[in-house]
Amino acid sequence: MADAAAPGLGQTVCVTGAGGYIGSWIVKLLLYRGYTIRGTLRNPEDAKNAHLRELPGAAERLTLCRADLLDGGALRAAVAGCHGVFHTASPMTDDPEKMLEPAVRGARYVIEAAAEAGTVRRVVLTSSIGAVTMDSNRAPDAVVDESCWSDLEFCKETKNWYCYGKAVAEQAAWEAAARRGVDLVVVIPVLVQGPALQPSVNASLTHVLKYLNGSVKTYANAVQGYVHVRDAADAHVRVFEVPDAAGRYICSDAVLHREDVVRILREFFPEYPVPDRCSDEVNPRKAPYKISNQRLRELGLEFTPAAQALYETVICFQDKGVLPVSAGPSSL
Ligand SMILES: NC(=O)c1ccc[n+]([C@@H]2O[C@H](COP(=O)([O-])OP(=O)(O)OC[C@H]3O[C@@H](n4cnc5c(N)ncnc54)[C@H](OP(=O)(O)O)[C@@H]3O)[C@@H](O)[C@H]2O)c1
């Protein structure tokens, strides 16, 4: 069940957080490209991970193993003998107790495990735009690119512990990789949208669900980058396979104001109670910042329009029964 020109044949790679939203799409793409995969999960027996065993090629080339990010020994065992590592597992929370230690120690353990294995060609780490844009001193017209880092003090002051944790985890990975001589490449996704392979709705999809199920009556005066989950997975595999890939890669199609998001949702799906009023009727509308996705485009990635990602997210909610299906079909 692998692509005829499968570049991954004969190569084993480890994917941490294999059952998560992005992790599942990375596993699917790696299987398609012929890789043999060791996926780490906190609980391989949990029914929420059953979708992985249904993926084409999984029966022959996917094994699942148990590893918490705080368990260096389990991560070492998962990475031993692998040719590559995709480190996507991370808590996604603003609770500092739950976020910081697993994110930072986990990133360090994965790099150490790759160094000790001696067989790992490259580690690809999933960072976040939260590690990049949280900087109150950035000029409004500045282009956000891979040279930008979030201001840790600003993250602390604003209690953005997820952004803080992702930035510190990425820094810890770079530091450990330099010290241990590990080839590290980092993918930096903005908010990821599009269909979920796993049964549950994860944090980034809740962002859109609340505009469709009546749980909010207004939208925020805020902007955000959006990217399709297939493109996020593609970016990870691309930076692993391209020998010259190096450094950080921002993975984003477009930055949208919430007003644009609700307009897109309303146009595609007029049947849902999508809010049409901003919660902030005083301040000027926030301007979307400019973001560069040039580095991934130079590697050949053609980004799916953000509107399509939003459309597919809603279809996925309907398929999973999270949203009722209307009588009149919507079409893109
Ligand atoms: N989705 C986005 O919009 C977005 C944007 C930018 C970056 N990211 C990054 O992309 C990566 C994947 O996120 P996602 O959206 O796919 O989220 P997700 O569906 O919540 O997946 C997160 C994965 O991390 C695992 N995990 C969490 N805490 C762990 C721990 N202590 N030990 C071991 N595993 C742990 C989870 O495993 P369990 O199943 O055991 O809970 C899950 O498989 C994360 O690094 C996230 O920061 C996501």
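Spot the failing condition for V132; the list is (1) within 18 Å of the chain's Cα centre (by Cα); (2) farther than 15 Å from A167 by Cβ, and only one is missed.
Condition not satisfied by V132: (2).
I'd like to check something: does region 162-181 contain any residue that is among the polar types (S, T, N, Q) and within 13 Å of the ligand (Cβ to nearest atom)?
Residues of region 162-181 that are among the polar types (S, T, N, Q), as a first pass: 171.
Imposing the further condition that a residue be within 13 Å of the ligand (Cβ to nearest atom) reduces the set to none.
No, the conditions are met nowhere in region 162-181.
Does R33 qualify as being under 28 Å from V168 (Cβ atoms) and either within 14 Å of the ligand (Cβ to nearest atom) or within 22 Å of the chain's Cα centre (by Cα) (or both)? If you could, list the steps in order and put the result at the bottom.
Details: under 28 Å from V168 (Cβ atoms): no; either within 14 Å of the ligand (Cβ to nearest atom) or within 22 Å of the chain's Cα centre (by Cα) (or both): yes.
Judged against the criteria, R33 is not a match.
Got a sec? Which of V208, V262, V223 is closer than 30 Å to A287 by Cα, aliphatic (A, V, I, L, M) and in contact with a helix residue (DSSP H, G or I) (Cβ under 7 Å, 6 or more places away or on another chain)?
Every option except V208 fails the conditions.
Conditions: (1) surrounded by fewer than 17 Cβ atoms within 10 Å (Cβ to Cβ); (2) within 13 Å of the ligand (Cβ to nearest atom). S90 meets all but one. Number of the miss?
The single condition S90 does not satisfy is (1).
Do you know which of the residues in region 9-21 that are of a type in the set (V, I, T) and more than 12 Å from V237 (Cα to Cα) is farthest from the ligand (Cβ to nearest atom)?
Of everything passing the filter in region 9-21, T12 is farthest from the ligand (Cβ to nearest atom).
For the condition among the charged types (D, E, K, R) and touching a residue at least 24 places away in the same chain (Cβ under 8 Å), what is the one hit in E312, E302, E281, E298? Can you show your working first?
Working: E302 fails: touching a residue at least 24 places away in the same chain (Cβ under 8 Å); E281 fails: touching a residue at least 24 places away in the same chain (Cβ under 8 Å); E298 fails: touching a residue at least 24 places away in the same chain (Cβ under 8 Å).
Exactly one residue qualifies, and that residue is E312.
From A178, A254, A196, A246, grab the single residue that is over 13 Å from the mean Cα position of the chain (by Cα) and either closer than 16 Å to V132 by Cα or buried (at least 22 other Cβ atoms within 10 Å of the Cβ) (or both). So that I can check it myself, show each step before the final result.
Details: A178 fails: either closer than 16 Å to V132 by Cα or buried (at least 22 other Cβ atoms within 10 Å of the Cβ) (or both); A196 fails: over 13 Å from the mean Cα position of the chain (by Cα); A246 fails: either closer than 16 Å to V132 by Cα or buried (at least 22 other Cβ atoms within 10 Å of the Cβ) (or both).
Checking each option against the conditions leaves just A254.
Taking region 277-306 as the region of interest, how many residues are under 19 Å from V261 (Cβ atoms) and among the charged types (D, E, K, R)? Give the steps one after another, and end with the answer.
Here is the first cut: in region 277-306, the ones under 19 Å from V261 (Cβ atoms) are 277-281, 283-291, 293, 303-306.
Filter once more, keeping what is among the charged types (D, E, K, R): 277, 280-281, 285-286, 290.
Within region 277-306, residues that are under 19 Å from V261 (Cβ atoms) and among the charged types (D, E, K, R) number 6.
With the structure loaded, tell me whether A6 is assigned to a helix (DSSP H, G or I), among the aliphatic types (A, V, I, L, M) and either more than 15 Å from the ligand (Cβ to nearest atom) or surrounded by fewer than 19 Cβ atoms within 10 Å (Cβ to Cβ) (or both) or whether it fails that test. It would help to see each step written out before you state the result.
Details: assigned to a helix (DSSP H, G or I): no; among the aliphatic types (A, V, I, L, M): yes; either more than 15 Å from the ligand (Cβ to nearest atom) or surrounded by fewer than 19 Cβ atoms within 10 Å (Cβ to Cβ) (or both): yes.
Judged against the criteria, A6 is not a match.
Of everything in region 1-16, what is over 14 Å from E241 (Cα atoms), at pLDDT 95 or above and in contact with a Lys or Arg (Cβ under 9 Å, 6 or more places away or on another chain)? Give them in sequence order.
C14, V15
Being at pLDDT 95 or above, more than 20 Å from T206 (Cβ to Cβ) and more than 19 Å from the chain's Cα centre (by Cα) narrows it down to one residue among E302, E267; which is it?
Details: E302 fails: more than 19 Å from the chain's Cα centre (by Cα).
Matching residue, one of E302, E267: E267.
Looking at region 186-270, what strands (runs of 3 or more DSSP E) fall wholly within it and have at least 1 residues that are more than 12 Å from the ligand (Cβ to nearest atom) and aliphatic (A, V, I, L, M)? First the steps, then the outcome.
Values: elements: 191-193, 223-228, 247-251, 254-257.
So the answer is 223-228, 254-257.
Residues that are in a loop (DSSP other than H, G, I, E, B), loosely packed, with under 14 Cβ neighbours inside 10 Å and within 11 Å of the ligand (Cβ to nearest atom): does region 108-118 have at least one?
Our first condition is that a residue be in a loop (DSSP other than H, G, I, E, B); within region 108-118, this holds for 118.
Cutting the leftovers down to loosely packed, with under 14 Cβ neighbours inside 10 Å gives us 118.
Keeping just the survivors that are within 11 Å of the ligand (Cβ to nearest atom) gives none.
No, region 108-118 contains no residue that is in a loop (DSSP other than H, G, I, E, B), loosely packed, with under 14 Cβ neighbours inside 10 Å and within 11 Å of the ligand (Cβ to nearest atom).
The values are calculated or read from the model by the stated rules, or taken from the named source; none is laboratory data. On a predicted model such as this, the values are computed, not experimentally measured, just so you know. When we count neighbours, we look across all protein chains shown, and the Cβ atoms used for this are built from the backbone with ideal geometry, even at glycine.
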